[in-house]
Amino acid sequence: MHTGSNHAVRVTLAALSIVLGLGAAVPAAAQCPGDLIENGLVDGADLGELLSAWGTQGGSADVTGDGIVDGADLGVLLGNWGSCLQGTVRAWGWNVQGQCNIPLNLGSCTAIAGGNSHTIALSTDGTVRAWGYNYFGQSTVPTDLGSCTAIAGGGLHSIALRTDGTVRVWGFNSDGQSDIPTDLGPCIAIAGGYLHTIALRTDSTVRAWGGNDWGQCNIPTNLGPCIAIAGGNSHTIAVRTDGTVKAWGRNDYGQCNIPTNLGPCIAVAGGNDHTIALRTDGTVRAWGDGFLGQTTIPADLGTCTAIATGQYHSTALRTDGTVRAWGWNGYGQCNIPTDLGPCAAIAAGGYHTIVIQP
């Protein structure tokens, strides 16, 4: 509801470089882990460099320094995606639990995520902060969490990917969504549904656990290796290494019915009963429940670099850094602040929207 690769991805790298706005880099005080071309931004150019060196011994693409370019290096790169565009966090929309009240001492952040009524941020030093609704402990970050590279929010639980590739989950655990499988192994990406948790392992396989009333945790046997994952309220979405999208779980509104003309994608996101995808050409597509306009892409949206979803609204980060949001706007979650300016990252909670400004 909110929120590993192999050589097959190379076919989309040219388009990926265009989509991710490689010309928009800003100088960095120090090189970010994963900034292989040292242009001040961890982006598609670095991904291309890593994939071209996949499986080789050492070299600049060996981010972890373990002697080989593999999934561990890709995990660090994806975890630090856009991290040189470090900045301040802004949020707006439903705020009854304080999920839009940014802590005064938060500092500079590299990633953000939203739960139904809480917000999570990853600081530049790898520490995680969370605020908002905390009845189930979802905003109480474990004291022994350590340094992390990625974060994600479920409905009432929080997820973090540590620098060693291990996954931690805390908060509501009604359906086992916070119980890490003992055989999970190292991962490179994480995502959350309302009552389930999803992980992309270093071998590019997908795992899911927790609430499974609609089969959202049943990984399709023909899924194959993937490069991106996302969770809807009760469905799961994955982008395979060839850019094709698969979805499974609850499908009352066709949220798991992939459009036949979708084309290759690089990212996906899931709302309550809708799905959106970011294609390699930077355009956005959406399908599923569109009763409140959440699947109606603005005609003037243009090309984008990132997408996110709340329960009933969708958001996109355009290549010029501006943010757009559409769908249900009962709490002002689609009202972009007039003083916002260009952003480096976006995320969405149930009924609120979150950004990072450089």
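The values are calculated or read from the model by the stated rules, or taken from the named source; none is laboratory data. Here the structure is a predicted model, which means the values were calculated and not measured. Glycine gets a Cβ as well: all are built from the backbone with ideal geometry, and neighbour counts include every protein chain shown.
Restricting attention to region 38-53, and to residues there that are within 23 Å of the chain's Cα centre (by Cα) and part of a loop (DSSP other than H, G, I, E, B), which single residue is farthest from A344 (Cα to Cα)?
Across region 38-53, the extreme among qualifying residues is N39.
For region 203-251, name all the residues that are surrounded by fewer than 18 Cβ atoms within 10 Å (Cβ to Cβ) and either within 18 Å of the chain's Cα centre (by Cα) or assigned to a strand (DSSP E or B) (or both).
T205, T244
I'd like the full set of residues that are more than 18 Å from Y194 (Cβ to Cβ) and touching a strand residue (DSSP E or B) at 6+ places or on another chain (Cβ under 6 Å), limited to region 224-258.
Taking region 224-258 as the starting set, the residues that turn out to be more than 18 Å from Y194 (Cβ to Cβ) are 224-228, 239-246, 254, 257-258.
Hits for region 224-258 are G224, C226, I227, A228, V239, R240, T241, G243, V245, K246, G254, I258.
For residues that are part of a loop (DSSP other than H, G, I, E, B) and over 22 Å from G350 (Cβ atoms), tally how many sit in region 252-295. Steps first, answer last, please.
Initially, region 252-295 is screened for residues part of a loop (DSSP other than H, G, I, E, B), giving 252-264, 271-273, 280-283, 289-295.
Filter again for over 22 Å from G350 (Cβ atoms), leaving 257-264, 280-283.
The number of residues fulfilling the criteria is 12.
Would you be able to tell me the number of residues in region 143-176 that are closer than 20 Å to Q311 by Cα and under 18 Å from the mean Cα position of the chain (by Cα)?
Adding up the residues that qualify gives 9.
Which residue is surrounded by the most Cβ atoms within 10 Å (Cβ to Cβ), if the candidates are limited to region 319-344 and must be in contact with a Leu (Cβ under 7 Å, 6 or more places away or on another chain) and not in a loop (DSSP other than H, G, I, E, B)?
Among residues in region 319-344 that are in contact with a Leu (Cβ under 7 Å, 6 or more places away or on another chain) and not in a loop (DSSP other than H, G, I, E, B), the one surrounded by the most Cβ atoms within 10 Å (Cβ to Cβ) is G327.
Condition check ((1) surrounded by 18 or more Cβ atoms within 10 Å (Cβ to Cβ); (2) among the hydrophobic types (A, V, I, L, M, F, W, C)) across all residues:
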| site | (1), (2) |
| --- | --- |
| G67 | no, no |
| D73 | yes, no |
| V89 | yes, yes |
| G93 | yes, no |
| L122 | yes, yes |
| W131 | yes, yes |
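I'm trying to understand the selection: among the residues of region 181-196, which are buried (at least 17 other Cβ atoms within 10 Å of the Cβ) and out of contact with any helix residue (DSSP H, G or I) (no Cβ under 8 Å at 6 or more places or on another chain)?
Within region 181-196, I190, A191, G192, G193, Y194, L195, H196 meet the criteria.
Just checking, how many residues over region 267-305 are of a type in the set (A, V, I, L, M) and either over 25 Å from G48 (Cα atoms) or modelled with pLDDT under 95 (or both)?
Looking only at that region, the number is 5.
Answer with yes or no whether R168 is under 25 Å from T275 (Cα atoms), in the same structural domain as W131 (by TED's automatic domain parsing) and either part of a loop (DSSP other than H, G, I, E, B) or touching a strand residue (DSSP E or B) at 6+ places or on another chain (Cβ under 7 Å) (or both).
no
Please state which one of A61, A150 is part of a loop (DSSP other than H, G, I, E, B), in contact with a helix residue (DSSP H, G or I) (Cβ under 9 Å, 6 or more places away or on another chain), farther than 24 Å from N329 by Cα and not hydroxyl-bearing (S, T, Y). First the steps, then the outcome.
Working: A150 fails: part of a loop (DSSP other than H, G, I, E, B).
From the options A61, A150, the qualifying one is A61.
Run T283 past the list (1) surrounded by 19 or more Cβ atoms within 10 Å (Cβ to Cβ); (2) under 26 Å from R318 (Cβ atoms) and report the number of the one that doesn't hold.
(1)
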